[in-house]
Amino acid sequence: MTGLRYVYAVCRPFGTPLQAQLTGVGGDPPRLVPHHDLVAVVSHVPEADFAEEPLRAHLEDLDWLTAVARAHQGVIDALTTVTTPLPLRLGTVFRDDSGVRSMIEAREENFLRRLDRLEGRVEWGVKVFLESEPEQAPEQPAPQPAAMSGRDYLRRRREQTRSREDQWQRAETFATRLHETLTGFAEDSRLHAPQNPALSGARGRNVLNAAYLVPRGQSEAFVEQVERTKDDSPGLRVELTGPWAAYSFAGEDTADGETAGEGIA
């Protein structure tokens, strides 16, 4: 089959075959391109979609991008069950197998160092949300001798503001303590920017958005620790995701973002 080479990840050679029905971006099954002590996991993609100009245009198409991201993640998830992958950035494309091998050759030492760092480890994600206050039913009008004064109105507004500030402070304290506890089960951690609810669709205000690099043997204890905290603070929601390939820790040794071979090489 002809076409460009879409690269999902680099890893060490592994003997366990991938799922027989596994397909990658564009429906093509992933295959391995070996080079020295590494292999790249690739599939064929059409130039009509993945050459430099059409790819740049497609990256503005949310539906197309979502479909590619799901296929990309499906391959990474399958790899994570059989080996430790070093995921590459979405849209990493090369002209042919020779281009893929040249990329590995140029970055071999860096890849090997980072794979040593990630071997036997997975990423877990933990988010904490301050859930929105339940909407209150409108108060039934009660007979009052006079309308609320301006002073009373300002006092009520100050009380409402103070209540929101107290809730936020409680949420931040909870999130800080949880993060400190979970770092004791992890070899490394990353604090990501809080999610924008308008973009993520998640309910509530994101207080903690963290990733943890955890040895596989410690994962059960890590998950149990998270589960024990879920009912500790009413009004706060704790979400756990994973285990994932260690995306948040894959590029830490690359000062210039070299893991992404965006465009055609």
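A simple packing score, the average count of other Cβ atoms within 10 Å per residue, orders the peptides 228-234, 102-108, 3-9 as 3-9, 102-108, 228-234, with the highest score first. Sorted largest first by accessible area at a 1.4 angstrom probe radius, with every protein chain in place, the residues T16, T92, T183 fall in the order T16, T183, T92. In this structure, T173 and E119 have a Cβ-Cβ separation that, at R0 = 35 Å, corresponds to a calculated FRET efficiency of about 0.45. The calculated FRET efficiency for the pair E220 and D97, based on their C-beta separation and a Förster distance of 41 Å, comes to about 0.55. Ranked by the mean number of other Cβ atoms within 10 Å of their residues, highest first, the peptides 69-77, 49-57 fall in the order 69-77, 49-57. Basic side chains Lys and Arg get +1 at the Cβ, acidic Asp and Glu get -1 at the Cβ, and with that the dipole of region 1-93 about its Cα centre reaches some 420 debye. Per-residue 3J(HN,Hα) values for region 232-248, derived from phi via the Karplus relation 6.51 cos²θ - 1.76 cosθ + 1.60 with θ = phi - 60°, read 6, 9, x, x, 10, 10, 10, 10, 10, 10, x, x, 10, 4, 7, 4, 5 Hz in sequence order (x marks Gly and Pro).
Near the amide H of L4, within less than 5 Å, lie the amide hydrogens of V45, E47, all on another chain or at least 5 residues away, with H placed in the peptide plane. How much of the accessible area of region 2-124, probe 1.4 Å, is carbon plus sulfur, in whole percent? Summing carbon and sulfur atoms, their accessible area is 51 percent of the total for region 2-124. Amide H contacts of L208: V128, each under 5 Å away and 5 or more positions distant or on a separate chain (H built 1.01 Å from N in the peptide plane; Pro and chain starts excluded).
The values are calculated or read from the model by the stated rules, or taken from the named source; none is laboratory data. Being a predicted model, the structure only gives us computed values, none of them experimental. Glycine gets a Cβ as well: all are built from the backbone with ideal geometry, and neighbour counts include every protein chain shown. Remember, those area values only see protein heavy atoms, side chains included, never the ligands or the DNA or RNA. Shrake-Rupley method; radii C 1.70, N 1.55, O 1.52, S 1.80 Å.
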